[in-house]
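The values are calculated or read from the model by the stated rules, or taken from the named source; none is laboratory data. Predicted, not measured: the structure shown is a model, and the values here were computed from it. As a convention, Cβ positions derive from the backbone with ideal geometry for all residues, glycine included, and neighbour counts pool all protein chains shown. Surface accessibility is based on the protein's heavy atoms, side chains included, excluding ligands, DNA and RNA. Shrake-Rupley method; radii C 1.70, N 1.55, O 1.52, S 1.80 Å.
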Amino acid sequence: MGKRRTYIFITGGVMSGVGKGVASASLGAILKSRGLRVTAVKIDPYINVDAGTMNPVEHGEVFVTRDGDETDQDIGNYERFLDEDILKVNYMTTGRVYLSVIQRERTLGYGGKTVEVVPHVPQEVISRIKLAAKHHDADVTIIEIGGTVGEYQNVLFLEAARMMRIETPDDVLVGLVSYLPVPGALGEMKTKPTQYAVRTLNSAGIQPDFVIGRSTHRIDDLRKKKMAVHCSVQAEDIFSAPDVSSVYEVPRVMEEEGLGARVVKKLKLRAGKPDLRAWNKLTKSIANAKKPVRIGVVGKYAASGDFNLSDAYLSVLESIKHAAWSIGRKPEIVWIDAGELEKTKKISKKIDGILVPGGFGSRGVEGKILAAKFAREKKIPYLGLCYGMQLACIEFARHVLHMRGAHTTEIQPDAAHPVIHLMNEQEEKMKNKSYGGSMRLGSYICRLKKGSRARKLYGEAAVEERHRHRYEFNPDYRQAFEQKGLVVSGESPDGMLAEIIELKNHPFFMGTQAHPEFLSRPFKPHPLFLGFLHACTKK
Ligand code: GLN
């Protein structure tokens, strides 16, 4: 018999966007702090095989794993909260599950049987969950089922939870993260929507083992008792998750509510005492960081009706925060809409640094180029990530090297000076419209040049960074750039690809072809962000 593995499914009730991912990740963190091995699986109910082909404006950030999977931003939460690498095996979508069932059927993998939605699809889900648990040798695997109960889309995943629980009742828990509104006009917390959510889960054949109640306030004892009656969940299995000033407080809040101890007891886990010292230190440093540092983030922001969404840059934001807190500063993000900037051509002087994150396509590009020019000329610290690096190169070519027709062939295929061009291996893929999962994805080694700022910041001769792009710096222009002070300080081991650029005689002007934001962790800020933030405080 192998090692015992346990599973905690997390479902959502009432509405999406209440922080199911953070709650799940925090549960993972407090279990890990007891010495347990924890991993997390995210299930997205859509048909897309991965998140790579989805518009981030609609879907939020596309998070890239070390092994090159294009996943949901919740995977980022898991990496940050668990401080573990989460891999391809940890992520599935309806599309991915169906694809493998169909492929197996086509290769006679079901031995001539009728292949049915139930049980074959949930069985595939279960085998994927178990594979992830095994791969990470986890004592506890947390499985977050995307969406909310009652949606048609995630029924088969609930079915997988139900079937797993029948198979191994002692090793499986199901939690519901629900929302309890406090309507302004009433001034009272209402439990009825959560009661309905539990009933809906019941109709899928599942009684939740615990409920995490997200709300603006704590759930008082009176309401816990009421919920216990109506939800058939004991009052001590109902946990409050009130709004907090930072997501990094959630593990502490969950621990104080007793969630960790309760889960350990229910699953009869052999665990140590919780050790949240690192988390407490972090939240203290967040609270103590009073002096602001203002970072302008130049991006494409999406209006969704009357609301503005900036989820697409989640990891970038977190990375700025990690670095700022670690040097005792309070991060203030100034959203600069790249499209607006094209029209106004004005950037407030009241910012300490400019960051241009990754992106695709033509919208806002000239605005981002303008931001790079402003930072270069006014000697304001600049950090360009992926597209932000490419556009800084275009700016430099146009205004320092006087190459008026400098551009990326992504936008202008016949540019007079294609300083950014398609990588060789990408040409064929683009011709065949093979867009899904076909970029340069995942971790690659980057060699750092001696004496460079990059080398100093990283403190190593070679590092690994995660990538997600099709275009690259055109090496034909390297010499011209370097002669004028924009040097390649990081390159691929074969010397073919420019991975990091930096400007001489500037307080801080760097661009990286990679996405360092995927590697920053709350306890371990990323060296490039740290260097950037440092420079921003020196102004
Ligand atoms: N659009 C650019 C490319 O494909 C940059 C991608 C990015 O910023 N992730 O190379």
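Here are a few things to note about the model shown:
- Residues of segment 153-180 satisfying the condition of being among the hydrophobic types (A, V, I, L, M, F, W, C) and touching a Ser or Thr at 6+ places or on another chain (Cβ under 9 Å): Leu156, Phe157, Leu158, Ala161, Val172, Leu173, Val174, Leu176, Val177, Leu180
- Candidate set from segment 332-364 (those that are in contact with a strand residue (DSSP E or B) (Cβ under 6 Å, 6 or more places away or on another chain) and closer than 27 Å to Pro413 by Cα); member that is nearest to the ligand (Cβ to nearest atom): Gly358
- Qualifying residue in segment 453-476 (condition: closer than 19 Å to Leu383 by Cβ, modelled with pLDDT of 95 or more and over 28 Å from the mean Cα position of the chain (by Cα)): no
- Those helices (runs of 4 or more DSSP H) lying entirely in segment 1-97 with at least 2 residues among the aliphatic types (A, V, I, L, M) and either surrounded by 24 or more Cβ atoms within 10 Å (Cβ to Cβ) or in contact with a Leu (Cβ under 8 Å, 6 or more places away or on another chain) (or both): 20-32
- Scanning segment 490-506 for residues that are open to solvent by 30 Å² or more (accessible area, probe 1.4 Å) and touching a Gly at 6+ places or on another chain (Cβ under 8 Å) turns up Lys504, Asn505.
- When Tyr179 is tested against (1) at positive phi; (2) buried (at least 18 other Cβ atoms within 10 Å of the Cβ), exactly one condition is not met: (1).
- Residues in segment 382-393 that are more than 10 Å from the ligand (Cβ to nearest atom) and within 19 Å of His467 (Cβ to Cβ): Leu383, Ala392, Cys393.
- Some residue of segment 131-143 being of a type outside the set (Lys, Arg), over 22 Å from the mean Cα position of the chain (by Cα) and part of a loop (DSSP other than H, G, I, E, B): yes
- When segment 435-486 is limited to residues that are out of contact with any helix residue (DSSP H, G or I) (no Cβ under 6 Å at 6 or more places or on another chain), open to solvent by less than 50 Å² (accessible area, probe 1.4 Å) and hydroxyl-bearing (Ser, Thr, Tyr), the one that is nearest to the ligand (Cβ to nearest atom) turns out to be Tyr471.
- Every condition in (1) under 19 Å from Arg4 (Cβ atoms); (2) aliphatic (A, V, I, L, M); (3) touching a Leu at 6+ places or on another chain (Cβ under 9 Å) holds for Leu176 except the one numbered (1).
- Residue in segment 402-417 that is nearest to the ligand (Cβ to nearest atom), counting only those that are buried (at least 18 other Cβ atoms within 10 Å of the Cβ) and more than 19 Å from Gly384 (Cα to Cα): Ala415
- Verdict on Lys379 being in contact (Cβ under 8 Å) with a residue 60 or more places away in the chain, charged (D, E, K, R), more than 16 Å from the ligand (Cβ to nearest atom) and open to solvent by 60 Å² or more (accessible area, probe 1.4 Å): yes
- Test: residue in segment 120-128 that is closer than 17 Å to Phe9 by Cβ, within 24 Å of the chain's Cα centre (by Cα) and open to solvent by 30 Å² or more (accessible area, probe 1.4 Å): yes
- Matching residues, segment 28-57, being under 17 Å from the mean Cα position of the chain (by Cα) and hydrophobic (A, V, I, L, M, F, W, C): Ala29, Ala40, Val41, Ile43, Ala51, Met54, Val57
- Count - residues of segment 365-376 that are open to solvent by 30 Å² or more (accessible area, probe 1.4 Å) and more than 16 Å from the ligand (Cβ to nearest atom): 4
- Qualifying residue in segment 176-188 (condition: of a type outside the set (Ser, Thr, Tyr), closer than 18 Å to Val14 by Cα, part of a helix (DSSP H, G or I) and modelled with pLDDT under 95): no
- Each residue in segment 491-532 was checked for being within 18 Å of His421 (Cα to Cα), within 16 Å of the ligand (Cβ to nearest atom) and either outside any loop (DSSP other than H, G, I, E, B) or free of Cβ contacts under 8 Å to residues at least 60 places away in the same chain (or both), and 8 pass.
- Selection within segment 189-204 - open to solvent by 50 Å² or more (accessible area, probe 1.4 Å) and assigned to a loop (DSSP other than H, G, I, E, B): Lys190
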